[in-house]
Structure formats: structure tokens, C-alpha cells
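To keep things clear, I will list the structure first and then write my remarks on it.
The values are calculated or read from the model by the stated rules, or taken from the named source; none is laboratory data. Model, not experiment: these values are computed from the prediction. Every residue, glycine as well, gets a Cβ built from its backbone with ideal geometry; the counts of neighbours run over all protein chains shown. Surface accessibility is based on the protein's heavy atoms, side chains included, excluding ligands, DNA and RNA. Shrake-Rupley method; radii C 1.70, N 1.55, O 1.52, S 1.80 Å.
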Amino acid sequence: MTQPDRFEIVPSVLPADFARLGEECAALEAAGVDRIQWDVMDGRFVPNLTMGPDIIAACRKHCSVMFEAHLMVLEPQELMHRYVEAGCDLIIVHAEACTHLHRTLAQIRDLGAKSSVALNPHTPVDVIKHVLDLTDMVLIMTVNPGFGGQAYIQTMEPKIRETAALIAESGYPVEIEVDGGINAATVSGAAAAGARVLVAGSGLYKHEGGLGAAVSELRKLAEEAVA
Ligand code: DX5
């Protein structure tokens with residue numbers, strides 16, 4: 001779990017060179033990232049198709065940082081065990097894709113992984129009110145899922161604050177992650193609102209100083225936002 005004001009910088013590998021993913025994972029670890037997020041898309045829950053568990057398994061030996069699988073898929077309960085077997089330590093399912101979210105989160109923990117629920121921009125925070133005891137992390141989407149390089153939805157900041165208040169009231173140690181349009185211009189707002197786990201794709205890969213400078217800058221800006 002992250003410390004109250006410690007931030008985790010988590011790259012999305014969507015902008016990485018898919019022809020060299022193993023080397024890209026090693027480079028991300030060298031750049032100082034805390035975890036790596038795999039954006040898994042099925043072409044049904046979101047209008048895009050990305051990687052299966054075998055690709056992630058092939059990359060596992062190239063670095064030692066924690067892998068998390070962001071399952072932007074319908075019926076994630078049918079697939080999630082494959083991503084744990086592939087080496088993912090944390091599984092993120094979308095509330096919108098789970099008919100039985102309470103059962104699915106419990107099943108993730110039964111698989112030996114940490115559990116997380118993601119909320120699309122339109123989904124109210126109340127959806128997670130009765131599953132916080134089964135949740136290690138809540139992911140507040142700050143874009144509509146499916147593609148990298150989209151604009152940050154600033155109106156999600158009150159939702160991040162609302163999530164932080166709900167978690168504080170519950171007493172459960174649940175992290176808040178944000179994903180989508182996180183970069184040097186937007187990270188301060190997300191951090192000040194309560195996010196402590198920051199996913200960035202374009203914001204890291206398009207940084208003119210390279211991955212290491214991008215990771216350091218994001219972390220510094222987030223820390224300054226809550227100092
Ligand atoms: C959306 C993806 C993206 C990605 C981050 O489905 O989940 O949010 O991880 O992409 P950037 O940081 O480029 O918005």
C-alpha cells in the first residue's frame with residue numbers, strides 16, 4: 001500500500017514499441033516506475049483490441065516491478081485468472097462490466113492477487129460503497145477508456161475527492177488510482193484531489209527529457225501539489 005503522501009508512478013505500455021515490449025519493460029524499471037499497467041482491451045467493452053495474457057507472461061522475466069492488468073473487457077471473471085497466471089499481481093475490473101462485482105472482487109483475492117475496481121467517467125462513486133472491504137484500489141478513469149493520448153477530464157476531480165471521502169469514512173486501506181491524460185499539466189489537480197497512484201502513457205513517452213525525467217517530474221509535481 002502507498003504511504004499517505006507517497007505517489008506511485010505507473011506507465012501504461014500503450015505507447016511503447018510493441019515489437020520490443022520486453023526491453024521496454026526493462027527501460028521502464030530503469031526509469032524508476034513503481035509498477036507497469038497493461039491495458040487489456042477486448043474490442044467489445046471498448047472499441048479497441050490489445051494484448052492477451054501470453055504477451056504479458058513473455059515480458060514478466062524482463063523486469064521485477066509489479067504488473068497490474070487493467071481489464072477493459074466484458075465478463076472479466078472469465079479471463080482474470082489467466083492474467084494472474086501470466087504474472088499480474090493486481091487485477092482491475094470495470095464496475096460497468098461486472099454483473100456480480102462483489103463476487104468478482106472476492107474471486108480476484110481468492111486467486112492471490114490484489115483487487116481493484118475501475119469507474120468510467122459517467123459511473124457514480126456510490127457503485128463501490130458496498131465493496132470497499134473487498135477492494136485494494138479504486139481506479140477513477142479521467143478519460144473514456146479505449147485509447148491513449150486523450151484529453152484529461154478535469155471534471156473528474158470532484159469525483160476523486162468524493163472517492164477519497166468515502167474511503168476515509170469506510171476505514172478500509174483503499175488506494176486511489178487515476179488513468180487518462182495524466183501529465184505535467186494535469187497531475188497536480190489529480191494529486192490534490194486525492195489520487196496517489198498515477199497512470200500515464202503519453203505523459204511519460206512523449207516527455208522531451210525521456211522516461212526517467214518524465215517519471216521524476218510527475219512524482220515531484222504530485223508531491224508539491226500536496227505539500
Ligand atoms: C485508456 C487507457 C489510457 C492509458 C493512458 O483506455 O487506459 O488511459 O492507460 O494513456 P494516456 O496517459 O496517454 O492518456
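Just a few scattered comments:
- First in the stretch 119-143 and more than 20 Å from residue 198 (Cα to Cα) and acidic (Asp, Glu), second anywhere and at pLDDT 95 or above and in a loop (DSSP other than H, G, I, E, B), Cβ under 9 Å, 6 or more apart: 133/172
- Filtered residue count, the stretch 125-142, keeping only those that are of a type in the set (Asp, Glu) and within 17 Å of the chain's Cα centre (by Cα): 1
- Count - residues of the stretch 23-54 that are on the phi < 0 side of the Ramachandran plot, within 16 Å of the ligand (Cβ to nearest atom) and either in a helix (DSSP H, G or I) or exposed (fewer than 15 other Cβ atoms within 10 Å of the Cβ) (or both): 6
- Flag for residue 66 being within 12 Å of the ligand (Cβ to nearest atom) and surrounded by 16 or more Cβ atoms within 10 Å (Cβ to Cβ): no
- Residue within the stretch 95-114 that is open to solvent by less than 20 Å² (accessible area, probe 1.4 Å) and within 21 Å of residue 200 (Cα to Cα) present: no
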